[in-house]
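Enquirer: Here you go, one structure.
The values are calculated or read from the model by the stated rules, or taken from the named source; none is laboratory data. No experiment lies behind these values; they were computed from the predicted model shown. Backbone-built Cβ (ideal geometry, glycine too); neighbour counts: all protein chains shown. What goes into the accessible areas is simple: the full protein's heavy atoms, side chains included, and nothing from ligands, DNA or RNA. Shrake-Rupley method; radii C 1.70, N 1.55, O 1.52, S 1.80 Å.
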Amino acid sequence: MNEALLQFLWQHNLYNTVGLVTTGGEPLVVVNSGRPNRDAGPDFAEARIKVGNTVLVGNVEMHMRSSDWFRHGHEKDPAYKNLILHAVYENDIDDVAAGMPTVELKGHISAEVISRYSGLVGSREKLPCAGRLASVKELTKESWLSRLLAERWEQKLGDWNVLLQNSAEDWSNLLYWRLAANFGFKTNAVPLLLLAQSLPLNIPTRHKDNLMQLEALFFGQAGMLDSDFEDDYPRQLQREYDYLRKKYSLKPINAALWKFLRMRPANFPTVRIAQFAALVHKSLHLFSQIIEVHSVDKIVPLLDVRASEYWDRHFRFDESQDKASAKVLGKSSIENIVINTVAPIQFLYASRQGTDKLQEQSLQLLEDVPAEENSIIRIWAENNWAPENAAQSQAMIQLYNNYCSGRKCLDCAIGLSILKNA
Ligand code: SF4
């Protein structure tokens with residue numbers, strides 16, 4: 001038992017409410033436990049209780065022991081004057097404040113609730129509620145996943161709003177930056193974003209018809225052309241970049257930022273940069289196309305790109321491979337971009353325009369993409385809760401990272417359900 005659990009049980013009425021009496025011996029009925037207060041001051045506001053025949057409305061403070069009142073210095077704090085109730089787990093000191101009723105809850109809380117709580121927050125398993133997950137109603141899980149997806153997008157789109165402001169509300173620019181970061185996937189997302197930010201969109205747009213010039217711009221700005229190459233192709237890029245760098249007064253990013261270690265060669269940043277250059281080369285008015293298209297089948301062709309021919313036999317400059325393979329953006333990479341860039345930017349655009357229908361379409365888009373496959377999703381699937389689509393897998397990633405890992409089971413609808421049914 002701890003104060004966080006005590007507050008949780010109070011908030012959700014998960015204690016035996018029958019036969020409550022104050023320490024002064026008067027019958028107590030909790031009509032409304034109040035609104036939790038996460039800021040400074042008493043723990044619950046606007047509670048409504050009945051002590052004897054008197055109805056009281058106001059603030060409630062909770063403690064493990066009544067003596068905590070003094071330990072926390074509440075007797076000197078005006079914010080704690082006029083409380084309607086002091087609800088404690090154990091009343092170890094009587095009458096800590098004159099005129100304030102106190103109730104001891106110890107005898108009203110079931111041992112099973114405490115045991116289930118300890119089983120969740122004290123567990124060393126990857127998923128503490130695994131054994132009880134099957135007992136949670138499907139409806140509870142589904143509505144919790146919807147809230148988690150909204151929470152995930154709220155966090156993500158908050159950062160994007162800042163990027164949008166930094167680019168003078170230029171949506172094409174936001175898409176350019178976010179697509180670049182997405183092409184870096186997890187490992188090289190930051191350097192690819194920095195690369196795009198170091199090269200204003202109007203410059204690659206001016207050279208979009210010439211793929212070699214685009215590669216020169218992107219590889220040059222990536223700091224990857226500063227070597228003595230043997231192959232003709234990178235030398236050609238070097239010459240082109242020298243000219244363009246001077247023309248546009250460009251400054252490359254630090255080449256040491258790129259990560260190649262422990263990656264499959266097909267995911268090397270060299271390959272991703274070449275594919276990104278191919279995307280810029282291929283697309284005309286990409287932002288308006290992406291905003292207007294709401295079916296996966298129509299979005300896939302927009303993102304279906306192949307790096308230039310040099311990359312058929314290379315993963316890095318000057319390192320030729322015997323076997324040729326076209327460096328196309330694979331299906332799962334395209335789906336990853338739909339999940340992480342296309343659907344969120346459509347949602348953000350729709351919410352800025354105030355169009356509910358477009359917002360729904362962007363969510364539907366996520367439901368039409370297969371669920372992601374990664375280590376977090378495998379944990380859920382191993383526990384018989386496999387996501388049906390990308391909307392659910394995104395929500396489950398949010399749940400695992402933001403709740404399960406930090407053992408925030410008291411803030412989780414599944415945790416609430418498990419404790420409620422104890
Ligand atoms: S946060 Fe929720 S889903 Fe995660 S372990 Fe706790 S109860 Fe289970």
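Enquirer: Quick one: pull the percent of accessible area on the chain belonging to carbon and sulfur, 1.4 Å probe, ligands and nucleic acids left out. Working shown, then result.
Expert: On the way: 9920 of 21080 Å².
On the chain, the fraction of accessible area on carbon and sulfur atoms equals 47 percent.
Enquirer: Using only the alpha-carbon atoms, how far is helix 138-166 inclined from the longest principal axis of the chain? Give it as 0 to 90 degrees, nearest 10.
Expert: The helix 138-166 is inclined about 50 degrees to the chain.
Enquirer: Further question on the same structure: Among GLN11, GLN213, GLN238, whose mean-square fluctuation peaks in a Gaussian network model of the chain (Cα, cutoff 10 Å)?
Expert: Among GLN11, GLN213, GLN238, the largest mean-square fluctuation in the Gaussian network model of the chain belongs to GLN11.
Enquirer: If you don't mind, another one. Please compute the contact order of the stretch 3-109 in relative form: average sequence separation of alpha-carbon pairs under 8 Å and at least six residues apart, divided by the residue count, as a percent. Mind showing how you got there, number by number?
Expert: Values: 205 pairs, mean separation 26.6, N = 107.
This gives 25 percent for the stretch 3-109.
Enquirer: For the chain, just the Cα set please: Rg and Dmax, both in angstrom.
Expert: Taking only Cα atoms of the chain, I get Rg and Dmax of 29.0, 93 Å.
Enquirer: Pick from LEU365, LEU195, LEU139: which residue has the top mean-square fluctuation in a GNM of the chain where Cα pairs under 10 Å get a spring?
Expert: LEU139
Enquirer: Considering only ILE203, ILE273, ILE337, give the residue with the highest GNM mean-square fluctuation for the chain, with springs between Cα atoms whenever their separation is below 10 Å.
Expert: Checking each option, the largest mean-square fluctuation is seen for ILE203.
Enquirer: Taking the 0 to 90 degree range and rounding to the nearest ten, how far is the long axis of helix 111-121 tilted relative to the main principal axis of the chain, both from C-alpha atoms?
Expert: Once rounded, one gets 20 degrees.
Enquirer: Given an 8 Å cut-off on Cα distances and at least 6 residues of separation, report the relative contact order of the stretch 167-367 as a percent. Provide the component values of the computation, followed by the final result.
Expert: On the way: 240 pairs, mean separation 40.2, N = 201.
Value for the stretch 167-367: 20 percent.
Enquirer: Return, for the Cα atoms of the stretch 296-377, the radius of gyration and Dmax in Å, separated by a comma.
Expert: Taking only Cα atoms of the stretch 296-377, I get Rg and Dmax of 17.0, 54 Å.
Enquirer: Would you mind checking the radius of gyration and Dmax of the stretch 1-130 based on alpha-carbon positions, in Å?
Expert: 15.1, 50
Enquirer: How big, in percent, is the set of alpha carbon pairs in the stretch 97-211 lying more than 19 Å apart? Mind showing how you got there, number by number?
Expert: Details: 4618 of 6555 pairs.
Of all Cα-Cα pairs in the stretch 97-211, 70 percent lie more than 19 Å apart.
Enquirer: Relative contact order of the chain, please, whole-number percent, based on alpha carbon pairs below 8 angstrom and at least 6 residues apart. Could the numbers behind the result be given before it?
Expert: On the way: 573 pairs, mean separation 57.4, N = 422.
Relative contact order here is 14 percent.
Enquirer: Mean shadow of the stretch 196-328, computed from the convex hull of its alpha carbons, in nm²? Numbers along the way, then the final one.
Expert: Values: hull surface 35.7 nm².
It is 8.9 nm².
Enquirer: Excluding ligands and nucleic acids, what accessible area in Å² is computed for ILE290 using a 1.4 Å probe, to the nearest 10?
Expert: 0
Enquirer: Further question: What longest region of the chain stays clear of GluC sites (Glu not before Pro) that DSSP places outside H, G, I, E and B and that have at most 15 other Cβ atoms within 10 Å?
Expert: Values: sites that count: GLU125, GLU169, GLU230, GLU319, GLU373, GLU388.
Of all site-free stretches, the longest is 1-124.
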